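Below is one structure, written out as structure tokens, with a few remarks after it.
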């Protein structure tokens with residue numbers, strides 16, 4: 001469990017693991033803390049004093065892939081799973097995922113879908129946008145209904161896997177401080193493995209509580225998606241292209257409108273088209289079952305949240321593409337003689353992995 005400054009949710013996250021339908025003596029929790037300053041570390045230590053299955057590990061680099069690698073190296077069991085400090089599992093999560101993998105041959109990881117939840121009227125609006133195709137495209141673990149069957153997908157965030165998967169594929173690349181899960185799952189699929197989404201298994205994910213934090217999150221997500229697309233061009237999907245293409249067209253038309261009256265009708269038409277989309281999407285997102293915190297303020301802020309997610313992610317992708325690919329290789333499993341799978345790298349751009357990229361993304 002990679003964490004940093006998760007005091008508000010760390011206890012519920014750890015408790016959801018301790019309450020798994022799993023033999024108690026066969027369970028350990030490695031909470032890898034990135035030098036938290038909000039009391040998270042003290043809460044983990046209190047949990048560890050009450051239950052010896054909870055272990056606190058220190059992550060001096062303060063980034064998620066470093067935390068994951070520390071936890072993977074420390075883990076002692078044949079099954080390894082990930083949960084974040086702002087998430088929680090239902091009691092059957094481990095049992096369902098390991099049961100599916102036991103019936104699956106070859107390299108594979110499995111994970112459940114997300115039910116995004118927020119606090120207050122703003123959190124409710126954010127949760128609704130980031131769990132809808134109208135807001136974030138076809139990331140299936142966010143949008144799939146629970147009644148659908150298992151399916152092979154690009155990536156799942158709260159994965160469960162056998163130890164052998166990491167012995168074969170390698171660990172997480174620490175030069176990807178964000179987007180490390182998608183990068184790992186891409187390597188796994190290129191090595192002949194599969195990523196399974198089990199829609200009937202539902203984890204809870206707490207969304208960012210403010211517009212500012214949401215904007216920073218999606219700028220980071222977009223930036224590292226852009227750098228990953230520059231690193232592995234073969235990974236591109238239609239959902240990766242639409243927001244940056246919309247941003248590019250909007251900027252070009254805005255420049256044309258500023259340059260003279262000739263470009264203003266087309267820019268106005270483009271803005272009206274997007275405005276109509278946002279209005280229709282807001283109406284659609286308002287329909288259906290409402291969370292307890294939903295009110296008229298939630299409805300009013302939906303267009304802002306939609307615009308923020310689309311614009312920040314699209315701008316972030318362009319910044320990552322301009323920065324270029326990340327060159328390097330994943331660390332191998334300790335003692336493994338297998339050479340980890342490598343990504344193909346796009347040509348023509350210069351890349352680095354300087355300390356300026358060490359942004360915590362979770």
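Per-structure values
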{"quantity": "Segments 124-133, 289-298 sorted - mean Cβ within 10 Å per residue, highest first", "calculated": "124-133, 289-298"}
{"quantity": "Ranked packing of 158-164, 321-327, 140-146, most packed first, by mean Cβ within 10 Å", "calculated": "158-164, 321-327, 140-146"}
{"quantity": "Computed Kirkwood radius, in angstrom, where 1/r is averaged over Cα pairs of the stretch 274-317", "calculated": "11.3"}
{"quantity": "Cα point-scatterer Debye curve for the stretch 143-248, base-10 log of I(q)/I(0) at q = 0.10, 0.17, 0.19 Å⁻¹", "calculated": "-0.35, -1.02, -1.23"}
{"quantity": "Packing-based exposure ordering (other Cβ within 10 Å, fewest first) of 45, 1", "calculated": "45, 1"}
{"quantity": "Value at 222 nm in deg cm²/dmol, rounded to 500, when DSSP H runs of n ≥ 4 in the chain each add -39,500 (n - 2.57)", "calculated": "-15000 deg cm²/dmol"}
{"quantity": "Surface/4 estimate of mean projected area, convex hull on alpha-carbon atoms of the chain, nm²", "calculated": "19.4"}
{"quantity": "Counting DSSP beta bridges with both ends in the stretch 97-255, the antiparallel % (nearest 5)", "calculated": "35"}
{"quantity": "Per-residue Cβ neighbour rank within 10 angstrom, fewest leading, 3, 252, 201, 283", "calculated": "283, 252, 201, 3"}
{"quantity": "Cα gyration tensor, the stretch 175-220 - rounded (a/c under 1.5), prolate or oblate", "calculated": "oblate"}
{"quantity": "Percent of Cα pairs exceeding the 20 Å cut-off, where the set is the stretch 202-329", "calculated": "57"}
{"quantity": "Exposure proxy order (Cβ contacts within 10 Å, fewest to most) of 102, 180", "calculated": "102, 180"}
{"quantity": "Whole-angstrom Cα spans of the stretch 3-63 along principal axes, big to small", "calculated": "33, 20, 19"}
{"quantity": "Peptide ranges 83-92, 109-118, 207-216 listed from the most packed, as the mean C-beta count within 10 angstrom indicates", "calculated": "109-118, 83-92, 207-216"}
{"quantity": "Globularity ratio of the stretch 31-83, using Cα Rg and 2.2 N^0.38 Å", "calculated": "1.13"}
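FYI, it's all coordinate maths here, none of it is from the lab. Just so we're clear, the structure is a prediction, and the values are computed from it rather than from any experiment. We place every Cβ from the backbone using ideal geometry, glycine too, and count neighbours over all the protein chains shown.
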